[in-house]
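Throughout, read-outs are computed from the coordinates displayed, never taken from laboratory work. Since the structure is predicted, the reported quantities are computational estimates derived from the model, not experimental observations. Virtual Cβ from ideal backbone geometry, glycine too; neighbours counted across all protein chains shown.
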Amino acid sequence: MESFKFSKEIAGRNLTIETGKLANQAQGSVTVSYGDTVVLGTAVISNETRQGIDFFPLTVEFEERLYAVGRIKGSKFIKRDTRPGDEAVLNGRMIDRAIRPLFSEDLRNEVQVIITVLSVDPENPSKIVGLIAASAALAISNIPWDGPIAGLNVGLKDGKYILNPTVSELNEGNLELTLAGTKEKFVMIEAEAKEVPEQNVLEAFKFGQKALGEIVDLINEAVKKVGKTKSTLTELMPQDTEEMLAKKKEIIKVAEEFIATQVNPYLLNEVKPTKALRKHGMHEIMAELHKELLEKGYDEDLVHYALDKTYKIIDQKVSAAILERESRVDGRKLNQIRPLSFEVGLLKRLHGSGLFQRGETQVLSVVTLGGPGDAQVLDSMEDVGEKRYMHHYTFAPFAVNEVKQMRGLGRREIGHGALAEKALVPVLPTKEEFPYTIRVVSETLGSNGSSSMASTCGSTLALLDAGVPLKSPVVGIAMGLATDGKGKYKIITDLQDLEDGPGGMDFKVTGTKNGITAIQMDTKTDGLTIKMVEETLTQGREALDQILKEMAKVIAEPRAEMSPFAPRITSFTIDTAKIKDVIGPGGKVINKIIAETGVDIDIDDSGLVMVTSNNAEMSAKAVLIIKNIVKVPEAGEIYKGKVVRIMDFGAFVEILPGKDGMVHISRLAPGRVNKVTDILDEGMEVTVKVNEIDSQGRINLSLVEGGKTYIPGSSSSFDSDDRGRGDRGGFGSPRPSGGGDRKRFFKRRDDR
């Protein structure tokens, strides 16, 4: 089969789309390369329509391959690529959120998009290439989809905006803004930023908009050349007869009239119920409608069709109330946040805890502090190393008053946890400032609108309560949208239940008083204009400032004292050349210290040593041992050491771990000493003074007794402060005259 290539230079690198070469049985298949990053994108739609479901069944899979980076899996027992890691799940979710709004909500045939990473250039992230591949595969296929869209990154470094920055530029910069859409509208947004002001973020949107159009043009070039004729919903799904269409039209009219008389008390602020009461009210209305329609003689299948469509009628009424009267389901103003509540230190034995509540959304966040050895080891396709800050999000069925099976971690939990984690990373202290591994778990106890943003606020409370020195508190808010499909819209603050329907958006933004730290937006429209984005960021800033102000009344700064139940880490820096001395051959030295003291010891390549323990005495002992190992003795210093070897001409004394010095026989006592063993025995503890360290690094010592240092060639002694006077000893110095049994005297002194 003939293959076709389409290329365009984007940000100084060729973006190439190729089709017709790989995976040709898929309805849409492309390979997209950017730099040396190559991704295969495929799209397939099932022939059968799934019956009895009320949603569009789309799945997006992002498949990482370690061969793409020339690496074999680190596990000894499992060498094949296994389940997707968190990064792959997040990339898949990002692509899903970008392409989903452009499918018809009425489509019931399963669509599967698979992104397989074939090769990775370390400087060109695969997620953007994967997003473009998904768009191109769908665009050239026969699958009904209102694309194409493009994807790109915008960076900000040294005040300059960078299109599709390299990985190193992203690491050195202040912003990574991921955009999906066209030159007119954005359908998906993600951002992580180091407290970047809203105006600067908005300029990044404008900077990236033109390039989105260029990439869309490239995909359209491929569509024009090789694109298949799009299937229609009529062709894919069973079609009704004219008689059935008439019945459906009739029953929808009956349902609309019924809803109009019943739903207003729950939607138009005639009463202000909770989510549970609203939900219960909706169920009662649906039950009454179900009964009403059956009594009118409609069959069960037609009634279920009407009930399904009725929820869309309710969504339309919610939007209409906001657009026409600025009336929300709970009576709030469009820019009003629900009641806020903050609490810290709930559970005394924990290292830190915070409870955040906004309306009916309630999240308990808990901090656990550990040593550097507790850091998470990363072994994914593009992430290798360690992770010292982790945020994990949980969501149990009781949070929304439901009963469901709990089947482990889902994509939603991974995504929400990653967003809150991303929000806090820019304000965390460095490893040198705070060498702890930090884990935060956010337990969602109640949910009615953006528990991920509640997790961000709860995490800040818990971290401050734990004494983690954050640069600045971080909070988050979810912004919504009401539209009529004809260009009229309203931005709403603090999105909740019925407001998150068709024609809306979920625009989550987190930040400090200084600027934005994270954004995540998905929409149920055909996209947001730059004007919509600007209004959302402006209105969102007002909400962030209000939450920060209220939070400061409860806790404004990190606690001065950490929990007594948290481990203590003593950190200090050593010469990198000395690291091997502390570790020892095969870890012998460091393992001995750990065995003797019970501490945990971590040393990084920069020479930063971190000793972790709950026992202050043992921690101090371990620190002293390590410092003594790396210490370089200086002339004039006094040490207590142990005699480790005796020679005819003197004795070797270990003054520090692994460091011996020589006490010449002439420096053992006043007067003549016939034998070293007259004064010293192996294993004896003695006090010595460093006289000099010669050019070869050898340490010359003198014995100290009663604060006096013995001088060769004399029957007296001199004070240790009188350095150098008559100091003629050392290796090979002549033996002095005199003598006497000094060993017995020395031992008596040592026994006192």
Summing -39500 (n - 2.57) over every DSSP H run of at least 4 in the chain, dividing by its residue total and rounding to the nearest 500, the 222 nm mean residue ellipticity is -10000 deg cm²/dmol
Once both label points are put 7 Å beyond Cα along the C-beta direction, the Glu169-Ile594 separation in nm becomes 4.3
For Arg50, other-chain or 5+-apart residues with amide H closer than 5 Å (H placed, Pro excluded) are Asn109, Glu110
Sparse-neighbourhood loop hits (chymotrypsin sites (Phe, Trp or Tyr not before Pro), the stretch 17-91; DSSP loop; Cβ within 10 Å at most 13 others) -> Phe55, Phe77
So, with points 7 Å from each Cα along the Cβ direction, the Lys486-Phe565 label distance in nm works out to 6.0
Taking the dipole of the chain about the Cα centre (Lys, Arg +1; Asp, Glu -1; charges at Cβ), the one of Thr525, Phe62, Ala466 that reaches farthest to the positive side is Ala466
Put in order of increasing Cβ neighbours within 10 Å, starting from the fewest, Thr517, Thr261 give Thr261, Thr517
Expected vector for the stretch 21-34, Karplus 3J(HN,Hα) from phi with 6.51, -1.76, 1.60 and θ = phi - 60°, integer Hz, x for Gly and Pro, equals 9, 10, 6, 6, 7, 6, 5, x, 8, 9, 10, 10, 10, 8
Assertion target for Lys224, Lys8, ordered by fewest C-beta neighbours within 10 angstrom first, is Lys224, Lys8
Scalar couplings 3J(HN,Hα) for the stretch 637-654 by Karplus 6.51 cos²θ - 1.76 cosθ + 1.60 (θ = phi - 60°), nearest whole Hz, x for Gly and Pro, are 7, 10, 9, 9, x, 10, 6, 10, 7, 10, 10, 4, 9, x, 9, 9, 10, 7
Computed over the chain: longest principal axis from alpha-carbon atoms vs helix 451-465 long axis, angle to nearest 10 degrees, is 20
Gyration tensor on Cα atoms of the chain, a ≥ b ≥ c root eigenvalues, a/c under 1.5 rounded, else prolate if a/b beats b/c, else oblate, says prolate
Surpassing 20 Å at the alpha-carbon level, of the pairs Lys210/Lys524; Lys247/Lys296; Lys230/Lys488; Lys157/Lys185; Lys642/Lys675; Lys5/Lys228, are Lys210/Lys524; Lys230/Lys488; Lys157/Lys185
In nanometres, the difference between 0.36 nm per residue of separation and the alpha-carbon distance of Glu432 and Arg325 is 33.1 nm
Computed over the chain: longest principal axis from alpha-carbon atoms vs helix 588-597 long axis, angle to nearest 10 degrees, is 90
Going from the fewest other Cβ atoms within 10 Å to the most, one would list Glu402, Glu288 as Glu402, Glu288
For the stretch 184-201, in residue order, the Karplus 3J(HN,Hα) values (coefficients 6.51, -1.76, 1.60; θ = phi - 60°; whole Hz; Gly and Pro = x) are 9, 9, 10, 9, 8, 9, 9, 8, 10, 9, 9, 6, 8, x, 4, 5, 5, 5
For the stretch 386-481, shape from the Cα gyration tensor axes a ≥ b ≥ c, cut at a/c of 1.5 then a/b versus b/c, turns out prolate
Of all GluC sites (Glu not before Pro) in the stretch 478-576, the ones in DSSP coil with at most 15 other Cβ atoms within 10 Å are Glu561
If the label point sits 7 Å along Cα→Cβ of Ser7, residues of the stretch 220-257 with amide N under 17 Å come out as 221-222
In whole angstrom, the spacing between the Cα centers of the stretch 578-641 and the stretch 160-194 equals 45
Helix 300-325: inclination vs the chain longest Cα principal axis, degrees, rounded to 10, gives 70
Expected unfolding gain across Arg71-Asp681 under the 0.36 nm per residue rule, minus the alpha-carbon gap, is 213.9 nm
Residue span Asn335 to Glu402: 0.36 nm per residue of separation minus Cα-Cα distance leaves a gain in nm of 21.1 nm
Partner aspartates and glutamates whose C-alpha sits under 15 Å from that of Lys279, ignoring same-chain residues fewer than 8 away, are Glu288, Asp315, Asp330, Glu360, Glu402, Asp497, Glu499, Asp500
Amide H contacts under 5 Å for Ser119, restricted to residues at least 5 apart in sequence or on another chain and with H modeled in the peptide plane, are Val38
So, with points 7 Å from each Cα along the Cβ direction, the Glu386-Glu221 label distance in nm works out to 4.8
Checking the stretch 437-507 for trypsin sites (Lys or Arg not before Pro) in a loop per DSSP with at most 16 other beta-carbon atoms within 10 Å yields Lys471, Lys486, Lys488
